[in-house]
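**Q** Sending over a structure as structure tokens; questions will come in a sec.
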2 protein chains.
Amino acid sequence: MIRLSLDSLVRIFDTTLRDGEQTPGVSITPTQKLDIAIKLDEIGVDVIEAGFPVVSEGEITGIKNIVKQNLRADICALARTVKSDLDAAIDCGVSYVHTFIATSEIHMTYKLKMSKEQVLEKAIWAVQYAKDHGMRVEFSAEDATRSDRQFLLKVLKGVSDAHVDRIDLPDTVGYATPSYIQTLVKEVIAATNVPVSVHCHDDFGLAVANSISGILAGASCAHVTINGLGERAGNASLEELVMALQCLYGKKHNIKTELLFEVSKYVSNTMGVIVQPNKAIIGENAFGHESGIHTHGVINNPMTYEPISPELVGRRRWLQAGKHAGAHGIRAMLLEFGIEPTDEQLHKIVEKQKNIADTGNSITTSELLSIAGEVLNSNKFEEKFKLHDFHIVTGMKMIPTAVVRLNTHGKNFIASEIGVGPVDAALKAIQKIATEVANIRIREYRLDSITGGSDALAEVSVKVEDLDGNVISAKKSGEDVVVASVQALMDAINKTMLKKLLDSKHRQL
Amino acid sequence: MIRLSLDSLVRIFDTTLRDGEQTPGVSITPTQKLDIAIKLDEIGVDVIEAGFPVVSEGEITGIKNIVKQNLRADICALARTVKSDLDAAIDCGVSYVHTFIATSEIHMTYKLKMSKEQVLEKAIWAVQYAKDHGMRVEFSAEDATRSDRQFLLKVLKGVSDAHVDRIDLPDTVGYATPSYIQTLVKEVIAATNVPVSVHCHDDFGLAVANSISGILAGASCAHVTINGLGERAGNASLEELVMALQCLYGKKHNIKTELLFEVSKYVSNTMGVIVQPNKAIIGENAFGHESGIHTHGVINNPMTYEPISPELVGRRRWLQAGKHAGAHGIRAMLLEFGIEPTDEQLHKIVEKQKNIADTGNSITTSELLSIAGEVLNSNKFEEKFKLHDFHIVTGMKMIPTAVVRLNTHGKNFIASEIGVGPVDAALKAIQKIATEVANIRIREYRLDSITGGSDALAEVSVKVEDLDGNVISAKKSGEDVVVASVQALMDAINKTMLKKLLDSKHRQL
């Protein structure tokens, strides 16, 4: 049994597949569960809480499949302090059980309808039962942060005497403050001499700060989830906690930080829960810059406006044209395409794109290039692929079908395709031509959420890839999601063609 | 001049319209800026930072319009420590200027290319210039948390001697820790005796914790944004900070918390930046429950699994069927429709819906009702509106047109409509019939973001409203956004019809 190891690595207990999957409305298949577990293992989490077996048959299958995979990470299953739950966990083949019972007055009275004595007895019994079955056991006193301190310590001393391997202190409704967690962790360690974990929820936006406070107070492990998924506002985000511990506190851990972005995207796609653009570390904007002052700073030295290098978390920085963009940022963006305007031309380009932005529109790179072409009086930045028209028929008991007409290199091309829906059909038809003519394929399609009405603005972004592996993206917004999708794809294709042309000119110089 | 007032209210300085609008890719029109300012005033922020006038003509128009509105909140404009910026701010008609210059080595060397002496001189000059023009002045030492402490204090003493009204300490790249902010704020207050604000960024997920730490150390004001918008990972979220200060620290403020959700949605829709479901206070899931243990607890006493009552922030709790749902939650959801299964029937219903969820699908209320109808061997939960079929033609240079065929009350109805896109056309055609037959209208349409490919799952939710003001929503996911949208609307209409029927039966008893 591990007792207060002096190991300086912070242990990362990932509960994306348990607390994270309890996100309301999220359900994944056993196969998806396994795929996520493999990703979690790759990124280096120390423990994977694989699920709560008693929940459903699918959950049991999912956990069993993960155990069979023989991953490097410890695989853990959740169980209440009742025999059927513990047996279900043991039957899954795990060697590590996380068992819990609530110790707060409100939970004991209204949910458990049990006395303190009954709760104490159950907790000790469950730890003993699991230990007797050869399990390593982590015990959580649910709602620890709202529990009477004396009773909590009594329960934790009880399970400690029953040889529990680890104690977890859940801040079940995210009600704790950093200073409260600090005293709680210190008292529990002093009273039990057992390694302590913290499990913090984000109901007031304090999950990461509370987890850090617990670790600084002596906890050796934090329960976290990818993207901060979990009940209600979710749990502490793995990516935020790990980067804060590493960069702000010099703490060590086993996470391969350069995989953070990839794993975040994988979990977001698989579980179907979006990450907002302004989310630390993994949000789309975390390394994006628009304001003139910021882009100017970043061009001179990225550390002026970035706390860490984006590559550290598997990302790249990007600049955005727009109302706040200044001459330095726009010059840098144009330079990427080999365009070097004079100061006077640059000034005109900046003003023109600000005027568009003042009308509430965002500016795509293609639009910026087209403005530059206008100001520089050059047609070399013109669209290479011109959309002539397209039409679509779709409905119920019909296969969505699109026909597109494009013009490129002076020739007309017509293609038709079917798809799972009208957008898919239209994009596939365009891709058919783009692949044939220029070896360009769609790599990613993304539609930002629409709120308000069915006539609200939709924002689409499309990434395309050419044969050389260049990936270029374009965004477009509009009221018609099909038209916006088609325009975004056309924009991305044209940017790719233009980049290719300009690159080849560069090479000739 | 206000000096260290003993006012116990924490002052809320909202910069949604300045730092928030600097979110990469976000541009709003002057009219939208005014609309948001009015909302901010209604919710009770003390200061509205309306913008950065020198950025664009539209920005200036937007700020002037806000000033003319004569709001209760102070209106502030941002300016670098240069004459043109300060003049632009003064010309907007504000009486409050927020001026800034960076004091960190990295910013002075790489961005400003200025010596310490030049920075000190500029800072003092700008404060004097603005004061001479009758302005109240807040001075920010940009990148304060990465600045040499002695130099920072020298600059802040300098501006204090120039009669600055307020000093702001920006954690420009979100690099500070709560304990760092604490010592910084204490030192600055001791050295200057001027009221202090904190301006924290969320690059490591610590913006709220750092802001709280600053306030506990004596800062009287925090700069925040709605939804935590802002450069990169954004600023401290107004809603998280205010609720944490109130609920965890017993601090007072002027914010009308019951408007938080409404204002959050308004800003998200207007600026086009989504809020993730697992965002504290304002995220869709912040008061949603699926897991059996949680729904059981919440039904007995909401405080078991909710830190605050959702009504406090203008929201309602909701329960979700699914793999983790237990008998208590499902019983409560069915009871809402007047359905009271026996224990055995309930058990069957729970199992059936778990089996569906194990295949990775989320369960709508209609589906749950249909499962209940099956188990109870009753046809009274059947769909009242049956979709026979629909078809759509759309494209470029075409007006999207939909034709739908529905059957209700044994009659067939056909309707066609045009729309801004295929989804809009289809929904309007169905609404035409639903309004005519049952006085049901679409109130809100929402499409969650799609990531991955154009054939990835889209999740649609539709809210409808009947004549009595009942609002009922339904969700549906599918690969075809048009089909999923149509199904979600049909589901919402059927739920409304069913509720009406069951309500009237209830009343007859």
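Throughout, read-outs are computed from the coordinates displayed, never taken from laboratory work. Because the structure is a prediction, the values reported are computed rather than measured. Every residue, glycine among them, receives a Cβ derived from its backbone with ideal geometry; neighbour counts consider all protein chains shown.
**Q** Run the reach check for residue A:386 against aspartates and glutamates, Cα to Cα strictly under 16 Å, same-chain hits fewer than 8 apart removed. What comes back?
**A** A:367, A:436, A:491
**Q** Show which aspartates and glutamates lie in cross-link reach of residue B:256 when reach means a straight Cα distance below 15 angstrom and same-chain residues fewer than eight apart are skipped.
**A** Leaving aside aspartates and glutamates fewer than 8 places away in the same chain, those within reach of residue B:256 are B:14, B:41, B:42, B:46, B:239, B:240, B:311.
**Q** Let me ask another. Go through region A:408-423 residue by residue and turn each phi into a ³J(HN,Hα) via Karplus (6.51, -1.76, 1.60, θ = phi - 60°); whole Hz please, and just put x for glycine and proline.
**A** Whole-Hz 3J(HN,Hα) from phi for region A:408-423: 8, 6, x, 10, 9, 10, 10, 9, 10, 8, 9, x, 6, x, x, 5.
**Q** Mind listing the long-range amide H neighbours of residue B:51? Cut-off is under 5 Å, sequence gap 5 or more, other chains count too, H placed in the peptide plane at 1.01 Å from N.
**A** B:78
**Q** Hey, another quick one. As a test, work out the antiparallel percent of DSSP beta bridges whose residues both lie in chain B, rounded to the nearest 5.
**A** Given both bridge residues lie in chain B, the antiparallel proportion sits at roughly 45 percent.
**Q** If amide H atoms are built 1.01 Å from N in the plane of the peptide, which residues on other chains or at least 5 residues away come under 5 Å of the amide H of residue B:479?
**A** B:458
**Q** Per DSSP H run of at least 4 residues, take -39500 (n - 2.57); add these up for chain A, divide by its residues and hand me the 222 nm value, nearest 500 deg cm²/dmol.
**A** Calculated at 222 nm, the ellipticity per residue is -13000 deg cm²/dmol.
**Q** Taking amide hydrogens as modeled 1.01 Å from N in the peptide plane, which residues meet the under 5 Å criterion relative to residue A:443, leaving out close sequence neighbours?
**A** Amide H neighbours of residue A:443: A:463, A:464, A:465.
**Q** Next question, about the same structure. About the Cα centre of region B:35-153, how large is the charge dipole given +1 on each Lys and Arg Cβ and -1 on each Asp and Glu Cβ? Please answer in debye to the nearest 20.
**A** Value, rounded to 20: 220 debye.
**Q** For region A:43-49, what does the Karplus curve 6.51 cos²θ - 1.76 cosθ + 1.60, with θ = phi - 60°, yield as ³J(HN,Hα) per residue in whole Hz, taken in order and with x for Gly and Pro?
**A** 3J(HN,Hα) across region A:43-49, in whole Hz: 6, x, 5, 7, 10, 10, 7.
**Q** Placing unit charges on C-beta atoms (Lys and Arg positive, Asp and Glu negative, everything else neutral), compute the dipole magnitude of chain B about its Cα centre in debye, rounded to 20.
**A** 600
**Q** Would you please give the FRET efficiency between residue A:163 and residue B:258, computed as 1/(1 + (r/R0)^6) with r the Cβ-Cβ distance and R0 = 51 Å, to the nearest 0.05?
**A** Here the calculated transfer efficiency is 0.55.
**Q** Could you tell me which of rounded, prolate or oblate describes chain B, using a ≥ b ≥ c as the square roots of the eigenvalues of the alpha-carbon gyration tensor, with rounded for a/c under 1.5 and, failing that, prolate when a/b is larger than b/c and oblate otherwise?
**A** Judged from the Cα gyration tensor, chain B comes out prolate (a/c at least 1.5, a/b above b/c).
**Q** So, one more: Taking each residue of A:174-186 in turn, how many C-beta atoms of other protein chains fall within 10 Å of its C-beta, and what is the average? Show your work: numbers first, answer last.
**A** Details: counts 7, 6, 2, 6, 5, 3, 1, 0, 0, 0, 0, 0, 0.
Mean inter-chain Cβ contacts per residue within 10 Å come to 2.
**Q** What's log10 of I(q)/I(0) for region B:252-295 at q = 0.32 Å⁻¹, Debye sum over Cα points only, no solvent?
**A** Reported log10 I(q)/I(0), two decimals: -1.12.
**Q** Mind ordering B:283-289, B:304-310, B:321-327, B:64-70 by average Cβ neighbours within 10 Å, highest first? Provide the component values of the computation, followed by the final result.
**A** Numbers: B:283-289: 23.9, B:304-310: 21.0, B:321-327: 25.4, B:64-70: 16.3.
The packing order, highest mean first, is B:321-327, B:283-289, B:304-310, B:64-70.
**Q** What net charge is computed for the residues neighbouring residue A:415, neighbours being all others with C-beta under 12 Å from the C-beta of residue A:415, Lys and Arg scored +1, Asp and Glu -1?
**A** Spelling it out: positives minus negatives among the neighbours equals +1.
**Q** Can you give the average number of partner chain beta-carbon atoms within 10 Å of each beta-carbon in peptide A:107-113, as a whole number?
**A** 5
**Q** Inside 10 Å of the C-beta atoms of A:246-258, what's the mean count of C-beta atoms belonging to other chains?
**A** Shielding by partners across A:246-258 averages 1.
**Q** Treating the point 7 Å from Cα along Cα-beta-carbon as the label, what are the nm separations from residue B:183 to the other copies, to one decimal?
**A** From this label point to the equivalent ones elsewhere in the assembly: 2.4 nm.
**Q** Further question: Would you mind putting B:458-465, B:177-184, A:197-204 in packing order, based on average other-beta-carbon counts within 10 Å, highest first?
**A** Details: B:458-465: 23.2, B:177-184: 19.2, A:197-204: 29.8.
Put in order of decreasing packing, that is A:197-204, B:458-465, B:177-184.
**Q** Which links in A:348/A:476; A:251/B:186; A:475/A:499 stretch past 25 Å when you go from one Cα to the other?
**A** A:251/B:186
**Q** Give the percent of DSSP beta bridges with both residues in the protein assembly as shown that are antiparallel, rounded to the nearest 5.
**A** 50
**Q** Starting from the Cα gyration tensor of the protein assembly as shown, take the square roots of the eigenvalues, sort them a ≥ b ≥ c, and report rounded, prolate or oblate (rounded when a/c is under 1.5, otherwise prolate if a/b is larger than b/c, else oblate). Walk me through the intermediate numbers first.
**A** On the way: a/c = 1.57, a/b = 1.08, b/c = 1.44.
It comes out oblate by the Cα gyration axes.
**Q** Using θ = phi - 60° and the Karplus curve 6.51 cos²θ - 1.76 cosθ + 1.60, what whole-Hz ³J(HN,Hα) does each residue of region B:456-467 get, with Gly and Pro shown as x?
**A** Karplus values, whole Hz, x for Gly and Pro: 6, 5, 10, 10, 10, 10, 10, 10, 10, 9, 9, 4.
**Q** OK, next. If you average the sequence gap of Cα pairs under 8 Å that are 6 or more apart and divide by the length of chain B, what percent do you get for the contact order?
**A** 9
**Q** If you put a point 7 Å past Cα along the Cβ direction, how far is that point for residue B:469 from the same point in each other copy, in nm, smallest first?
**A** Result, one decimal in nm: 6.2.
**Q** Counting other C-beta atoms within 10 Å, which of A:149, A:405, B:146 has the fewest, and how do the rest follow?
**A** Listed from fewest to most nearby Cβ atoms, that is A:149, A:405, B:146.
**Q** Sort the following peptides by mean Cβ neighbour count (other Cβ atoms within 10 Å, averaged over residues), highest first: A:258-265, A:13-20.
**A** Highest mean packing first, the order is A:13-20, A:258-265.
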